[in-house]
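The values are calculated or read from the model by the stated rules, or taken from the named source; none is laboratory data. None of the values given here were measured: they were computed from a predicted structure. No Cβ is skipped: glycine too gets one built from the backbone with ideal geometry, and neighbour counts run over all protein chains shown. For accessibility, only protein heavy atoms count, side chains too; no ligands or nucleic acids. Shrake-Rupley method; radii C 1.70, N 1.55, O 1.52, S 1.80 Å.
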Amino acid sequence: MQQKSTNIKVNQQDIKDIDNILTELKIYVSKASLQDLRYSASRIAKDAKLTAPVDTGFLKGSIFFDEDLEGVYIEAPADYASFVEFGTSKQKPKPYLYPAAYKEFPKLLKQIKMKLNKIVK
């Protein structure tokens, strides 16, 4: 049985179009996606503050988001933050940060997918 060969013709304009798309993707990934991450991080921090259990209010007030050279992060620096989130042998967990993140992640992925589709089309 003989294999059929497949021919693909590419002209100069096709190459320019591909180059333009790749350039836009690079710009998006390096800049626009960071904006999306910042926005999502702010929403996660806000939601975590709304759902954090309150005794003195210190935990709730300590939640923030920021960024460094590695990316965006959300933090609750109260010494006992992880004990509240995950529980202890004497205390049931009262999650506030992870549920906020799980709620936001699908929205972030949808936003990124939508923007990438616009660039590629």
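Among the residues of this structure, LYS94 does not count as one that is surrounded by 13 or more Cβ atoms within 10 Å (Cβ to Cβ) and not in a loop (DSSP other than H, G, I, E, B).
Tell me, yes or no, whether the stretch 4-27 has at least one residue that is modelled with pLDDT of 90 or more, among the acidic types (Asp, Glu) and not in a loop (DSSP other than H, G, I, E, B). Let's see the steps before the verdict.
Step one: list which residues in the stretch 4-27 are modelled with pLDDT of 90 or more, which gives none.
No; the residues of the stretch 4-27 include none that is modelled with pLDDT of 90 or more, among the acidic types (Asp, Glu) and not in a loop (DSSP other than H, G, I, E, B).
Across the stretch 96-116, not a single residue is classified as farther than 17 Å from ALA52 by Cβ, of a type outside the set (Val, Ile, Thr) and over 22 Å from the mean Cα position of the chain (by Cα). Run ALA45 past the list (1) in a helix (DSSP H, G or I); (2) open to solvent by 60 Å² or more (accessible area, probe 1.4 Å); (3) at pLDDT 90 or above; (4) touching a helix residue (DSSP H, G or I) at 6+ places or on another chain (Cβ under 9 Å) and report the number of the one that doesn't hold. Result: ALA45 passes all but (2).
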